[in-house]
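The values are calculated or read from the model by the stated rules, or taken from the named source; none is laboratory data. Since we're looking at a predicted model, the values are computed, not measured. Note: ideal-geometry Cβ built from the backbone for every residue, glycine included; neighbour counts use all protein chains shown. The area values use the complete protein model at the heavy-atom level, side chains included, leaving out ligands, DNA and RNA. Shrake-Rupley method; radii C 1.70, N 1.55, O 1.52, S 1.80 Å.
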Amino acid sequence: SSTSQPSGAGAAIWMLDAQRKLQTYCFDGTGTLTSGLSSTVLTYGNWYNVVFLHTGTAYQVYINTKLDINVPQTGFTTLGINITAGMLRASFFPMNGYISNAFFYNKALSEQEIRQNYNALRGRFGV
């Protein structure tokens, strides 16, 4: 779906919906909002490897190496944005959980690179 938002840099928001599926919202640099919903139902207390990437024509979300969300979108930019993890802005939707690792790349990872990173870390979390 798509909704108009103020112009500026891109932003991505992730949260769990009532069915424990990952709901994503992504603002592009033109102020357009797109959203996606995972097919994977997440279990509280389990560790998940979640990868968000933008290909230039779409944003994609991988959960434990499986492409789960693929939403067409162009115009996304990260120029001039602040990164906030665990809540939206200063106090909205605080996260009740842990983030073990966060990595930022200046390119969209390939499926092979996503699998490689997942396999390198999964032993730490019993996956």
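A count restricted to the range 58-85 and to residues that are at pLDDT below 85 and open to solvent by 30 Å² or more (accessible area, probe 1.4 Å) stands at 12.
Take the conditions (1) open to solvent by 50 Å² or more (accessible area, probe 1.4 Å); (2) small (G, A, S); (3) in contact with a Phe, Trp or Tyr (Cβ under 6 Å, 6 or more places away or on another chain); G45 misses just one of them, which is (3). The strands (runs of 3 or more DSSP E) located wholly in the range 16-68 that include 2 or more residues which are among the small types (G, A, S) occupy 32-41. Look at the range 28-45: where a residue is on the phi > 0 side of the Ramachandran plot and a partner is assigned to a loop (DSSP other than H, G, I, E, B) and surrounded by fewer than 18 Cβ atoms within 10 Å (Cβ to Cβ), sitting 6+ places away or on another chain with Cβ atoms under 8 Å, you get G31/Q5; G31/P6; G31/S7; G31/G8.
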